Amino acid sequence: MNSAQMERAQHHTAPVVVALSSCSKEDARTVFRALGKAFPCDRTDDDAPQYGPHPHASVWTSTYEVCPERAPVDRQQLSAPVEVMLQGGYWGVDRMLETLAAAFDVQEEGMAAGDQEKEVQVRLVSGSH
């Protein structure tokens, strides 16, 4: 790899859409805060998930700019399992899964792959390593 390729690789970011469902707004906030410590996000720190008119049908989404460098993420506690859908390029989604696995126990539930992007469905639970 020449120096120009190395420089591009160092500044590479990949957007990954994260959608949370089947969870409380407090657990959604826990997940978003953990990911926000690792990667830049379209949400501010004080932008907390809120229930809409139908609280049991709430889905919260954020887009993260996944990059090669990330801050470490501590283990997090959830009050109940959280359903998560990740959508983006292969590298970005894989990196996001690594980050989620550092903070939660991750149970893969499904995956759909295309030429340039993939969608992964996982379930997050509290746990300890």
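Below are the figures for this structure:
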read-out: Considering residues of the range 87-129 that are free of Cβ contacts under 8 Å to residues at least 24 places away in the same chain and more than 21 Å from Thr30 (Cβ to Cβ) only, the residue nearest to the chain's Cα centre (by Cα); value: Asp94
read-out: Single match in Pro72, Pro81 (criterion: closer than 17 Å to Phe39 by Cβ and of a type outside the set (D, E, K, R)); value: Pro72
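Bear in mind these aren't lab numbers, they're just calculated from the coordinates by the rules spelled out. All figures in this text were calculated on a predicted structure; none of them were measured in a lab. We place every Cβ from the backbone using ideal geometry, glycine too, and count neighbours over all the protein chains shown.
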